[in-house]
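One structure is given below, encoded as structure tokens.
The values are calculated or read from the model by the stated rules, or taken from the named source; none is laboratory data. Bear in mind that the values here come from a model prediction, so they are computed numbers and not experimental data. Note: ideal-geometry Cβ built from the backbone for every residue, glycine included; neighbour counts use all protein chains shown. Keep in mind that these areas ignore ligands, DNA and RNA; they rest on the heavy atoms of the full protein, side chains included. Shrake-Rupley method; radii C 1.70, N 1.55, O 1.52, S 1.80 Å.
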Amino acid sequence: MAKPITIKDVKIILTQPAGSRLVIVKVITSEPGLYGLGCATFTQRFHAVVAAIERHLKPFAIGRDVSRIEEFWQMAHVHSYWLNGPVLNNAISGIDQALWDIKGKLANMPVYDLLGGKCREGAAVYRHAGGPTPEAVLESVQKFIDQGVHHIRVQMGGYGGKADSLPKPEGAPDGAYYNPREYARRQLKMIDYVRSHVGDDIELLHDVHERLQPIDAVRFAKDLEPYNLFFLEDLLAPEHINWFRDVRNHCTTRLSMGELFNSPLEWKAVVEEHLIDYIRMHVSQMGGITPARAVALFANIYGVHTAWHGPGDTSPIGHAANVHLDLWAPNFGIQEWCGFPEHVYEMFPGLPELRNGYLYPSDKPGLGIDIDETLAAKYPVTDTIEKWTQTRWPDGTPWTP
Ligand code: MG
């Protein structure tokens, strides 16, 4: 038997080319020149992920056979005894995705082929339109329509709606203030306005970002029923998922959920009880391609489609992983796509390309994407205390961002 190719080193590349701090893992193998890349980006707590990899996972991984992805994932998952959580899952994802990349390079196949082959040629995406007024949102929607995009998420004033001029108490601390009930009323008017102008053929989406109290979330989904959204995203926080039963009892608004999930205990019931229509977890936050493949196949049995989280704080490597899953999954639904500026395409050669509303990975083996480390070093990460996740109601009460 030939000697196995093993993990020789695990390197972390930190870079911040476009707002978000990105954590990229490079797994170097015993085979000269053969390496893989993975996304371990948890932008708000990136130092913790770096430590989890450097101090715990790297010593555990070195010397292991690169071909045994499943065994690596299962053992890395249980090895800490206490499981799950965004720090540990992202750390595992960095190596997991890199191992899929390596396996693809060894097999001379793109990852979608390793997974079982393509079910479709390109992944339909949804883009983010927004603005401070209904008119401005419509203008932003029209720009995407002109680019050939068919699915458009509409937000007015960001996630919380109007943040300024709220009646706060004396001595109110800093924060991202919003009024949840006013938010719901204003978004409803905006969606009515946009729908009346674009007609029924453009698919509209909206992201609540868990910013409503559960009973108001039920009402909001019901009020939106006439507008026939492609889906309403993250209507409830993970701790309130039982309320999805009430939403289902009151309306047929299509629902998607999942970017905050990281444990099977959180997402299993909503799929089994068909309480949602789209599962949209963050692939690195659940531990990489290995668990995402399992989630997709599980959801497929219950008629639930995939819509993996695709924000700016997923690295280009993570987006490539998303697209390979998208082309393969029998139950792919839609892919969120934030878009990247030109210099990020230079830094990550092979970054998936968007054409007429569809995303295409490069046809190179593995994840088909690389990183120019010299360029990445030109954009060092910064330490800042995040403002937008300090979400508060008008009286200062902290709420989920
Ligand atoms: Mg979202």
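Brief remarks follow.
- Condition met for Tyr302 (of a type in the set (Ser, Thr, Tyr), at negative phi, at pLDDT 95 or above and within 16 Å of the ligand (Cβ to nearest atom)): no
- Being under 25 Å from the mean Cα position of the chain (by Cα), surrounded by fewer than 18 Cβ atoms within 10 Å (Cβ to Cβ) and assigned to a helix (DSSP H, G or I) is not true of Ala98.
- You will find that of Ala296, Ala307, the residue that is more than 16 Å from the ligand (Cβ to nearest atom) and open to solvent by less than 40 Å² (accessible area, probe 1.4 Å) is Ala296 and no other.
- The single condition among (1) buried (at least 19 other Cβ atoms within 10 Å of the Cβ); (2) under 13 Å from the mean Cα position of the chain (by Cα) that Leu359 does not satisfy is (2).
- Reported count of residues in region 224-262, each being open to solvent by 10 Å² or more (accessible area, probe 1.4 Å), of a type in the set (Phe, Trp, Tyr) and within 16 Å of the ligand (Cβ to nearest atom), is 1.
- Of residues in region 210-223 being within 16 Å of Tyr159 (Cβ to Cβ) and either open to solvent by less than 10 Å² (accessible area, probe 1.4 Å) or acidic (Asp, Glu) (or both), the one nearest to the ligand (Cβ to nearest atom): Glu210
- Residue in region 328-336 that is closer than 22 Å to Val149 by Cβ, part of a loop (DSSP other than H, G, I, E, B), more than 13 Å from the chain's Cα centre (by Cα) and within 16 Å of the ligand (Cβ to nearest atom) present: yes
- Some residue of region 43-59 being part of a loop (DSSP other than H, G, I, E, B) and not hydroxyl-bearing (Ser, Thr, Tyr): no
- Considering only residues in region 39-79 that are of a type in the set (Gly, Ala, Ser) and open to solvent by 30 Å² or more (accessible area, probe 1.4 Å), the one that is farthest from the chain's Cα centre (by Cα) turns out to be Gly63.
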